[in-house]
Amino acid sequence: MALHLLVLIALLATQLLGIASSIGTIIPLRLTKGESVEVSVFRLSPTPLHFRLDFNKQKGTIRPELGGIKHTDPNGGKIRFDSPGEAIKILAASELGRQVYEMFPGGYLAFEKDDSTAKRIFEPFVEDDDPAAYPWPPANHLRPTLPAGFSTLKFSVVQAGTITANEQVKIYIAPPLDVKTVQTSDYLWLGWATILLPWNLFALAMYGWYLLKKARRLASNK
């Protein structure tokens, strides 16, 4: 019974770690130059920073100032958008680094018109004197790293556009684990261990129920 109990605790702890590593962090931010916000985050192992901004909008409308989906084909390691929208830049800093990020017009656009939120991912900013061109793949080597354990992450507004200036938005800090992605190879084992998370929890509940019945049966036989 002791061995069964240890196995159950270990499996349950793994699932709980998977759940914790799959939940993003949301914090409000006003797009006023110089405005900043800090948040405490936890990571099991060092993880590169990925985040997006969520903008409010009315359903059935689009916000052209946030850029559009139409763009030219990648050329020379870049994607050039015909309608890049306003330039919005955010400085992100952690204990292990700092980097200016810029709004990327593409992504999350398939059903945006019928949604009440416009979502825009932010990628590390690389100066190229062309506001409509974006490195692709993104310059992931420039991302600050969130260290293992608890750390403080600070976001500061560097630039916003004429329309988006002073707008209240939400920052969504992407978790290490996602339905489609794993931010770093250190989380691969946890991703595989929790890939069937709802069914895993059901199986653990049944395992716990079995052990409880077994413990009661052993107690009654004494």
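Observations on the structure shown:
- Set Ala160, Ala133, Ala148: member being surrounded by 17 or more Cβ atoms within 10 Å (Cβ to Cβ) and at pLDDT below 95: Ala133
- Single residue of the range 15-49 satisfying the filter (open to solvent by 30 Å² or more (accessible area, probe 1.4 Å) and part of a helix (DSSP H, G or I)) that is farthest from Ile173 (Cα to Cα): Leu16
- Checking each residue in the range 160-198 for being without any contact (Cβ under 8 Å) to a residue 40 or more places away in the chain, part of a helix (DSSP H, G or I) and of a type in the set (A, V, I, L, M, F, W, C) picks out Leu188, Trp189, Trp192.
- Subset of the range 166-203 that is closer than 20 Å to Phe104 by Cβ and touching an Asp or Glu at 6+ places or on another chain (Cβ under 9 Å) - its residue that is surrounded by the fewest Cβ atoms within 10 Å (Cβ to Cβ): Lys170
- Residues that are over 14 Å from Leu142 (Cα atoms), touching a strand residue (DSSP E or B) at 6+ places or on another chain (Cβ under 8 Å) and open to solvent by 30 Å² or more (accessible area, probe 1.4 Å), drawn from the range 92-129: Glu95, Gly107, Tyr108, Ser116, Thr117, Lys119, Ile121, Asp128
- Residue in the range 136-145 that is farthest from Leu190 (Cα to Cα), counting only those that are touching a Gly at 6+ places or on another chain (Cβ under 9 Å) and surrounded by 16 or more Cβ atoms within 10 Å (Cβ to Cβ): Trp136
- Selection within the range 63-80 - modelled with pLDDT under 90 and hydrophobic (A, V, I, L, M, F, W, C): Ile69, Ile79
- Residue under evaluation Ile69, criteria (1) assigned to a strand (DSSP E or B); (2) surrounded by fewer than 17 Cβ atoms within 10 Å (Cβ to Cβ); (3) of a type in the set (Val, Ile, Thr), criterion not met: (1)
- One residue stands out in the range 205-222 among those that are surrounded by 11 or more Cβ atoms within 10 Å (Cβ to Cβ) and at pLDDT 70 or above: the one that is nearest to Ala20 (Cα to Cα), namely Ala205.
The values are calculated or read from the model by the stated rules, or taken from the named source; none is laboratory data. Not measured: the values here are computed from a predicted model. Don't worry about glycine lacking a Cβ; one is built from the backbone with ideal geometry, like all the others, and counts go over all protein chains shown. Side chains included, ligands, DNA and RNA excluded: accessible areas come from the protein's heavy atoms. Shrake-Rupley method; radii C 1.70, N 1.55, O 1.52, S 1.80 Å.
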